[in-house]
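The values are calculated or read from the model by the stated rules, or taken from the named source; none is laboratory data. Since we're looking at a predicted model, the values are computed, not measured. Positions of Cβ are generated from backbone atoms using ideal geometry, with glycine treated the same way; all protein chains shown enter the neighbour counts. The protein model used for the area step is the full one, side chains on, heavy atoms only, and it has no ligands, DNA or RNA in it. Shrake-Rupley method; radii C 1.70, N 1.55, O 1.52, S 1.80 Å.
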Amino acid sequence: MSWRFDPGSSVSGQIAYSLRIKILTGEYPSGSQFPTVRSLALELGVNPNTVQKALSVLEGEGLLESRTTVGRFVTEDSDVLSSALTAFKKSFLESVFSKADEIGITKNDFESFLSNKEG
Amino acid sequence: MSEPILVCDKLCKSYKKGVPVLNNFDFTVEPGRIIGLLGPNGCGKSTLLKLIAGLLVPDCGEITVCGIKRSEETNKYISYLPERPYFSTRMSVDEMISFFKEFYADFDELIARKMLFDLGINPKSQVKTLSKGTKEKVQLILVMSRRAKLYMLDEPIGGVDPAARDYILSTIIGNYNEEASVIITTHLIADIEPVLNDFAFMYQGKIHMSGDADETRNTYGKSLDQLFREVFRC
């Protein structure tokens with residue numbers, strides 16, 4: 001049911017973000033039919049217009065394609081998917097590093113963390 | 001642009017001379033919207049809903065529902081959940097269903113029965129034996145089972161447990177259609193804000209601030225709940 005939203009930003013943005021991850025990680029596979037606005041709205045406990053807005057964003061990014069009368073599908077264009085994944089990883093890492101920087105975690109800290117984890 | 005569901009034009013109402021509850025109040029509701037009417041105690045929310053439902057008569061101004069001036073006629077477009085229960089406690093839930101069926105041509109018994117079942121309410125029970133929260137659920141079920149144009153829910157989730165709250169909100173979403181609108185008043189803003197299209201903060205009988213719920217969250221970087229606490233800080 002309804003998840004807890006981060007209070008500081010738009011709900012549609014947060015829904016677009018979480019659906020984007022599900023598309024990029026293959027939880028919604030390439031070429032598959034996407035759930036309807038109404039079913040997502042019910043599942044998430046949000047206004048259908050808000051879901052609609054989130055899906056338009058994903059359509060704008062080329063991740064979803066709307067086929068008249070049939071519904072929405074995850075794109076089959078592997079170039080679109082892979083470049084979206086690269087872009088997503090980059091922006092995710094950027095935010096991780098900028099947060100780390102704020103609290104004084106250095107490159108050395110990262111390196112020793114990674115070597116411990118691997119070792 | 002389709003016709004607004006509701007237009008309030010310069011409404012005034014006072015219970016005591018010189019103490020206006022609503023003061024030149026303008027308010028328009030477009031179809032297909034879920035609107036949160038939010039404001040501190042005594043700001044006029046319930047009075048507004050009572051005026052629209054025809055339980056009170058405005059001192060001045062005009063109310064138009066679906067293009068028709070407020071009258072007996074407009075009552076059939078409005079499904080209203082008042083802040084206090086208005087049912088006879090001598091009835092059983094089944095009798096209340098028959099009562100609604102008889103009273104309202106747009107009442108859908110199947111929907112009501114499904115919701116009662118989902119919430120585990122026995123239709124044979126006498127209303128007076130139900131807990132406060134269960135009574136509220138029954139009322140809300142009856143109100144939401146009408147195919148109305150305008151639903152007005154005055155504090156619909158205040159007395160019910162969080163799980164039932166989720167169910168009620170999903171009922172409101174599931175019931176959503178392009179032709180009807182829902183006005184919800186509540187103090188539990190955090191619970192309902194993801195469901196809203198629009199919000200209006202009411203203060204001293206006027207709209208203090210209003211807009212698109214999600215855009216406002218984005219603009220202010222705050223939830224409506226946080227914004228409310230700031231705007232109405234005591």
- Quick one: net charge of A:S83's neighbours, Cβ under 15 Å, K/R +1, D/E -1? -1
- Query: Which number comes out as Rg/Rh for the stretch A:1-76 once both Rg and the Kirkwood Rh are worked out on C-alpha atoms?
  - Reply: 0.95
- Message: Under a Cβ-only charge scheme (Lys and Arg +1, Asp and Glu -1), can you give me the dipole magnitude of the protein assembly as shown about the Cα centre, in debye to the nearest 20?
- Response: 1360 debye
- Query: How large is the accessible surface per residue of the stretch A:70-119, computed with a 1.4 Å probe and reported in Å² as a whole number?
  - Reply: 79 Å²
- Item | Alpha-carbon Rg with Dmax, taken over the stretch B:6-209, Å | 16.7, 49
- Task: With springs connecting C-alpha atoms under 10 Å apart, model chain B as a Gaussian network and identify which of B:K135, B:K13, B:K124 has the largest mean-square fluctuation.
- Result: B:K124
- Note on the structure: Between B:F107 and residues 5 or more places away or on another chain, the pairs with built amide H atoms under 5 Å apart involve B:R147
- Task: Can you run the Rg to Rh ratio on the protein assembly as shown? Use alpha carbon positions and the Kirkwood inverse-distance Rh.
- Result: 1.05
- Provide, in order from the shortest bin, the percent of all Cα-Cα pairs of the stretch A:77-119 in each 5 Å bin, continuing until the bin that contains the maximum pair distance. 6, 20, 16, 18, 16, 11, 9, 4, 0
- Expressed as a whole-number percentage, the relative contact order of chain A with C-alpha contacts under 8 angstrom and at least six residues apart is 23 percent
- Pairing the Cα long axis of helix B:109-118 with the longest principal axis of chain B, what angle in degrees results, from 0 to 90 and rounded to the nearest 10? 90 degrees
- Item | In sequence order, calculated HN-Hα J values of the stretch A:76-89 (Karplus, 6.51, -1.76, 1.60; Hz; x Gly/Pro) | 9, 6, 5, 5, 4, 5, 6, 6, 5, 5, 4, 4, 5, 4
- Message: Can you compute 3J(HN,Hα) from phi for each residue in the stretch B:51-64, using the Karplus curve 6.51 cos²θ - 1.76 cosθ + 1.60 with θ = phi - 60°, rounded to whole Hz and x for Gly and Pro?
- Response: 5, 5, 6, x, 7, 10, 10, x, 6, 7, x, 9, 10, 10
- Query: Going 7 Å from the Cα of B:K132 in the Cα-to-Cβ direction, what parts of the stretch B:75-91 have a backbone nitrogen less than 16 Å from that spot?
  - Reply: B:83-86
- Amide H neighbours of A:F34 under 5 Å, counting only residues 5+ apart in sequence or on other chains, H built in-plane at 1.01 Å? A:R72, A:F73, A:V74
- Query: Pick from B:L49, B:L110, B:L11: which is most flexible by mean-square fluctuation in a GNM of chain B where alpha carbon atoms under 10 Å apart are linked?
  - Reply: B:L110
- How much net charge surrounds B:Y80 when only the other residues with a Cβ under 11 Å from the Cβ of B:Y80 are counted, with Lys and Arg +1 and Asp and Glu -1? 0
- Task: Starting at the first residue of the stretch A:15-22, write each ³J(HN,Hα) from the Karplus equation 6.51 cos²θ - 1.76 cosθ + 1.60 with θ = phi - 60°, in whole Hz, x for Gly and Pro.
- Result: 5, 4, 4, 6, 6, 4, 4, 5
- When DSSP beta bridges are limited to those with both residues in the stretch B:6-209, what percentage is antiparallel, rounded to the nearest 5? 55 percent
- Cut-off under 5 Å, modelled amide H: who pairs with B:M152 long-range: B:S79, B:Y80, B:L81, B:I183
- Once normalised by the length of chain B, the mean sequence separation of its alpha carbon contacts under 8 Å that are 6 or more apart gives a contact order in percent of 27 percent
- Might you report the magnitude of the Cβ-based charge dipole of the stretch B:6-209 about its Cα centre, with Lys and Arg at +1 and Asp and Glu at -1, to the nearest 20 debye? 660 debye
- Expected max-MSF residue from B:D106, B:D214, B:D161 in the GNM of chain B (alpha carbon, under 10 Å) is B:D161
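Shape of the stretch B:183-234 from its Cα gyration tensor (a ≥ b ≥ c, root eigenvalues): rounded if a/c is under 1.5, otherwise prolate when a/b > b/c, or oblate?
Rounded shape, in that the Cα axes give a/c under 1.5.
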- Item | Accessible surface, per residue, of chain B when the full set of protein chains is kept, probe 1.4 Å, Å² | 47 Å²
- Note on the structure: Lys and Arg at +1, Asp and Glu at -1: neighbours of B:N24 with Cβ under 14 Å from its Cβ sum to -1
- Evaluate the relative contact order of the stretch B:108-229 (contact order divided by residue number), counting alpha-carbon pairs under 8 angstrom at least 6 apart; express in whole percent. 19 percent
